[in-house]
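Peer 1: Below you will find the structure I want to go over with you.
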């Protein structure tokens, strides 16, 4: 986590910044590697702005409802990944500052409010019904975080 919290406005800009869908990222994900009881895969992407992002996918090899689909921002010069958004499977989560607990699918979003007292940047989460498994969570990330198909504007596949 950075020494100075990243402001909510910057977090929103980074989430919505246009990103090309990385090569190989598809639904369902292919080529995931088993490590520590989880299937996982990472994708790195550079944007026109010079910003670097990473998409990390992880799913339990035992419990298919235990998964995370993460959009991270690579902090310049630090090579540290700041988690902007995390689409989690169904499990228990507590929002400490709000004093609320739930057991459901949920989306974590980085907030300045949670960074200030020293919590993980993306600790805050809200329940969702927008996805129900790993594949639909990946699609949710692509739909909600500024991703576009790199072939969408080519004459063969889309606009002319």
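Bear in mind that the values in this text are calculations on the coordinates, not laboratory data. Since we're looking at a predicted model, the values are computed, not measured. FYI the Cβ positions are ideal-geometry reconstructions off the backbone, even for glycines, and counts take in every protein chain you see.
Peer 1: Counting only Cα, what are the radius of gyration and maximum Cα-Cα distance Dmax of segment 57-122, in Å?
Peer 2: Rg then Dmax for segment 57-122, in Å: 13.2, 37.
Peer 1: Let me ask something else about it. So how do 64-70, 81-87 stack up, highest first, on mean other-Cβ count within 10 Å? Mind showing how you got there, number by number?
Peer 2: Numbers: 64-70: 19.1, 81-87: 21.6.
My ranking of the peptides, most packed first, is 81-87, 64-70.
Peer 1: Something else about it: Divide by every residue of the chain the summed helix terms, -39500 (n - 2.57) for each DSSP H run of at least 4, and state the resulting mean residue ellipticity at 222 nm, rounded to the nearest 500 deg cm²/dmol.
Peer 2: Result for the chain, helices only: -4000 deg cm²/dmol.
Peer 1: Considering the chain as a Gaussian network with a 10 Å cut-off on Cα pairs, which listed residue, 88, 36, 120, attains the greatest mean-square fluctuation?
Peer 2: Residue with maximal mean-square fluctuation among 88, 36, 120: 36.
Peer 1: Here is a further query. Just to be sure I understand, if you calculate Kirkwood radius over Cα pairs in Å for this structure, which of (i) 17.0; (ii) 16.5; (iii) 19.5 do you get?
Peer 2: (ii)
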